[in-house]
Amino acid sequence: MSSSIKNTDKEAVNAMSKKKQRAVVICPGRGTYNKEELGYLQRLHSDKTEIVSLIDDFRDSKGQMKVSELDGMENYSMRTHTAGENASALIYACALSDYQAINKDEFDIVAVTGNSMGWYIALAVAGALKPKKAFELINTMGSMMTKGVIGGQMIYPIINDEWQINRVQEQKVMQCLAQADQQSGCEVYVSIHLGGYLVFGGNKAGLKALEALLPVVQERYPMNLFNHAAFHTPLLHDVSKQAMKLMSAELFNAPEIPLIDGLGQIWQPYSCDVEQLHNYTLSTQVVEPYNFSKAIEVAIKEFAPDKLIILGPGATLGGAVAQSLISHDWLNLTSKADFIAQQKEDPYILAMGLAEQRKSVVL
């Protein structure tokens, strides 16, 4: 037998014996398709014609602009690209295409989670909704406010420069929230626990009152989020009721991969109550806070992944995920400096929206 054949046999055995890396996939929420992401589908997913055609055909039947056209526009438009009915479709198309591009020979996907709208994408990725049904849900929810956005969202940090959560600062912020909410005509709530940040949702008066009470930090916070409604707050009760009428539990299946929701609950493939999953998706998480930080805590502690893979577009979730890891001293990470050093040496978080990290994930 020639040495070249022996070497080929050895390579085949080594490839077969190579252990897959355990990975938790994290799906992005609203606000991740920005100016830098324009053309994301064209650049990275020209081969994903099935997904894009499915979405384009659905939107075309509703008289909406195709995602391929939105992604292919010459210039980015804040008003056009961040509108709920457009942003949600673009992000779903990019994220689902990214998931399909993951090298499944290299990674064993042990769980899926997401932030806010990313929960809907997580349902598709985990197989709890078939791609067309998932898009029907995403497009319906994203189009609920075409006649006017309900309330708004604002983000504010509760961390120091080393990405460590400052509990005293957090307490002060919550006191400001309570004070603003008590003012006449004001409604404002915690919307998302986002690593070292709190996202608030409320009516215009409530957000204005809270903004006046919070000290300005880093010369940019408190920051109002453009074209974002008061997601995950009681202000969306009517949206939830309408969604429950429009979409039945029959849209859903048990997931094929464990799902971690915004309460930190795990929805398992063989013990999932589909009615409850439907209720959580269209009722609970629409009107109650979304605890993304808790979802990441459950992901690392219950599934012990070798890597966390963040789907694109964009990579804005990376900071929030890192801050969640630091808050639990995960991998002995206690500061921003620790995290940066870890990422340089052996990245634990792989964001597919970043070209260098993407190389480690795709086929």
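Can you give me the C-alpha center-to-center distance between the stretch 296-363 and the stretch 160-184, rounded to a whole angstrom?
After rounding, the separation between the Cα centres reads 26 Å.
Quick check: the angle from helix 131-142's long axis to the longest principal axis of the chain, C-alpha only, nearest 10 degrees?
20 degrees
Can you list the HN-Hα couplings for the stretch 150-155, worked out from phi with the Karplus curve (6.51, -1.76, 1.60; θ = phi - 60°), rounded to whole Hz and with x for Gly and Pro?
3J(HN,Hα) across the stretch 150-155, in whole Hz: 8, x, x, 10, 9, 10.
Out of every Cα-Cα pair in the chain, what percent are more than 37 Å apart?
19 percent
How would you order 92-99, 323-330, 56-63 from highest to lowest mean count of nearby Cβ atoms within 10 Å?
Averaged packing, sorted descending, gives the order 92-99, 323-330, 56-63.
So what is the accessible area of the chain per residue, in Å², with the probe set to 1.4 Å?
47 Å²
Could you tell me which of the pairs Lys48/Lys104; Lys20/Lys48; Lys307/Lys344; Lys147/Lys241; Lys133/Lys294; Lys104/Lys294 are separated by over 23 angstrom between their Cα atoms in the structure shown?
Values: Lys48/Lys104 17 Å; Lys20/Lys48 25 Å; Lys307/Lys344 14 Å; Lys147/Lys241 17 Å; Lys133/Lys294 27 Å; Lys104/Lys294 26 Å.
Cα-Cα > 23 Å for Lys20/Lys48; Lys133/Lys294; Lys104/Lys294; rest within.
Nothing charged except the Cβ atoms of Lys and Arg (+1) and of Asp and Glu (-1): what's the magnitude of the dipole of the stretch 37-158 about its Cα centre? Round to the nearest 20 debye.
Charge dipole, the stretch 37-158, about its Cα centre: 480 debye, nearest 20.
Where nothing but the Cβ of Lys and Arg (+1) and of Asp and Glu (-1) is charged, how large is the charge dipole of the stretch 146-294 around its Cα centre, in debye to the nearest 20?
420 debye
Highest mean first, what order results for 285-291, 114-120 on Cβ atoms within 10 Å?
Going from most to least packed, we get 114-120, 285-291.
By per-residue mean of other Cβ atoms within 10 Å, what is the highest-first order of 27-34, 131-138? Please list the in-between numbers first.
On the way: 27-34: 24.6, 131-138: 20.0.
Ranked from most to least packed, the peptides come out as 27-34, 131-138.
Tell me which lysines have Cα within less than 22 Å of Lys208's Cα, excluding those fewer than 8 residues away on the same chain?
Straight-line reach from Lys208, under 22 Å: Lys172.
Calculate the dipole size of the chain relative to its Cα centre from +1 charges on Lys and Arg beta carbons and -1 charges on Asp and Glu beta carbons; express the result in debye to the nearest 20.
Roughly 160 debye, rounded to the nearest 20.
The values are calculated or read from the model by the stated rules, or taken from the named source; none is laboratory data. Not measured: the values here are computed from a predicted model. As a convention, Cβ positions derive from the backbone with ideal geometry for all residues, glycine included, and neighbour counts pool all protein chains shown. Please note that ligands, DNA and RNA were not included when accessible areas were found on the heavy atoms of the full protein model with its side chains. Shrake-Rupley method; radii C 1.70, N 1.55, O 1.52, S 1.80 Å.
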